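A quick write-up on the structure given underneath.
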Amino acid sequence: MSKPSAVGNVMIEAARRAGRSLARDFGEVEYLQVSSKGPGDFVSNADHRAEDVIFEYLTKARPGYSFLMEEKGFVEGSDKTNRFIIDPLDGTLNFLHGQPHYAVSIGLERDGKLVAGVVFDVSRNEIFWAETGRGAWLGQRKLRVAARKKLDRSVLATGAPWFGKSTETHMQFSRELSTIAPTIAGIRRNGSAALDLAWVACGRFDGFWERGLNQWDIAAGIVLVREAGGVVTEIDGKDVLQTGSIIAANPDLHPLIESPIRNAGKRKPDN
Ligand code: 2AM
Ligand code: CA
């Protein structure tokens, strides 16, 4: 059984602490659903609180490391080779609506390469962690991507664009969905990219794709999938952390997903 490195343990502890803060606030959010004001402002404070908990803990444990965080943005440290990439609350819309499917995501990039990731599913108390060379783990269980080779047996996860995205972005997603959906066993849209990737790593999903995500949504999950034997690429062959357009799956399924998604994404000529 592999154990996390010293910095891996520090990342897991930071995620646990943020998870405790989120779990407390989630109880309040469930209650606020029925209040006339709604839980909106409260939730935007909940993710700041969780991020503060992580930032405070990690800056003490690893002074000098740089940070990229969803709320505070980029904080450059004296050590420019190590950068934590943090989403204190992935699945905010679920959290806001009292749906217990959200996560803390902490990735570590070293010399420009993703080397460690922790995704903590607070409601299920599941901590997924991975480090390059140490594998991907859920508790004592070593993770491995699903072995399915055929699309028609596969369940894929995706994320649909939301309010404020362009009409073309919504149309592009519709084209992708109508191309791939008839060829697979089923599709899920659960609302947390970090957990979608963790679930690819542990075989609950056979694959995942989504366009236009942020680095903090996917940094930790990428390490999980790769260490579990999966393949992660950018949809159009670019840098996945830059565009946030991602395909993750086992090595057999990956090309079978990539080709239809890439082609469906291209705008059809108007004629
Ligand atoms: P978030 O919950 O941290 O916002 C779901 O498709 C993914 O998109 C999630 O990882 C989610 O991260 C991200 N996302 C970013 N902005 C969003 C929004 N306004 N609504 C829904 N999901 C959003
Ligand atoms: Ca997110």
Legend entry - Counting DSSP beta bridges with both ends in segment 151-266, the antiparallel % (nearest 5): 55 percent
Legend entry - Qualifying chymotrypsin sites (Phe, Trp or Tyr not before Pro) for segment 144-215 [loop in DSSP, other Cβ within 10 Å: at most 15]: Trp162, Phe163
Inset, instruction - Could you tell me what % of all Cα pairs in the chain have separations over 25 Å? - result: 44 percent
Inset, instruction - Would you calculate a helix-derived [θ] at 222 nm for the chain, using -39,500 (n - 2.57) for each DSSP H run of n ≥ 4 and dividing by the full residue count, to the nearest 500? - result: -12500 deg cm²/dmol
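What trypsin sites (Lys or Arg not before Pro) does segment 211-253 have in DSSP loop regions with at most 14 other beta carbons within 10 Å?
Of the trypsin sites (Lys or Arg not before Pro), the ones in loops of segment 211-253 whose Cβ has at most 14 other Cβ atoms within 10 Å are Lys238.
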Legend entry - Sequence-distant lysines (8 or more away, or on other chains) whose Cα lies within less than 27 Å of Lys165: Lys37, Lys72, Lys238, Lys266, Lys268
Inset, instruction - Report the paramagnetic label zone for Thr81: residues of segment 52-68 whose backbone N is under 14 Å from a point 7 Å from Cα along the Cα-to-Cβ axis. - result: 65-66
Legend entry - Separation of the Asp111 and His48 label points, Cα + 7 Å toward Cβ, nm: 3.9 nm
Inset, instruction - Write out the trypsin sites (Lys or Arg not before Pro) in segment 30-96 meeting two conditions: DSSP loop, and at most 16 other Cβ atoms within 10 Å of their Cβ. - result: Lys37, Lys72
Legend entry - Estimated FRET transfer efficiency when R0 is 35 angstrom, pair Lys37-Thr167 (beta carbons, to 0.05): 0.65
Legend entry - Calculated from backbone phi, Karplus (6.51, -1.76, 1.60) coupling profile of segment 128-140 in Hz, x at Gly/Pro: 9, 9, 8, 9, 4, x, 10, x, 10, 9, 10, x, 7
Inset, instruction - Determine the distance separating the Cα centre of segment 217-231 from the Cα centre of segment 10-29; give it in Å without decimals. - result: 22 Å
Inset, instruction - List every residue whose amide H lies under 5 Å from the amide H of Arg188, counting only residues 5 or more places away in sequence or on a different chain, with H placed 1.01 Å from N in the peptide plane. - result: Leu156, Ala157, Thr158
Inset, instruction - Select from Leu195, Leu32, Leu143 the residue whose mean-square fluctuation is largest in a Gaussian network model of the chain (Cα-Cα springs shorter than 10 Å). - result: Leu32
Inset, instruction - Determine ³J(HN,Hα), in whole Hz, for all residues of segment 190-204 in sequence, where each value follows from phi through the Karplus function 6.51 cos²θ - 1.76 cosθ + 1.60 and θ = phi - 60°; x replaces Gly and Pro. - result: 9, x, 9, 4, 4, 6, 4, 5, 4, 6, 5, 4, 9, x, 6
Inset, instruction - Provide the per-residue ³J(HN,Hα) series for segment 164-177, in order, calculated from phi with Karplus coefficients 6.51, -1.76, 1.60 and θ = phi - 60°, each as a whole number of Hz, with x at glycine and proline positions. - result: x, 6, 5, 4, 5, 4, 5, 5, 4, 4, 4, 5, 4, 5
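No lab work stands behind these numbers, since they all come straight from the coordinates. Just so it is clear, the model here is predicted, and its values are computed rather than measured. Cβ: placed from backbone, ideal geometry, glycine included. Neighbour counts: every protein chain shown.
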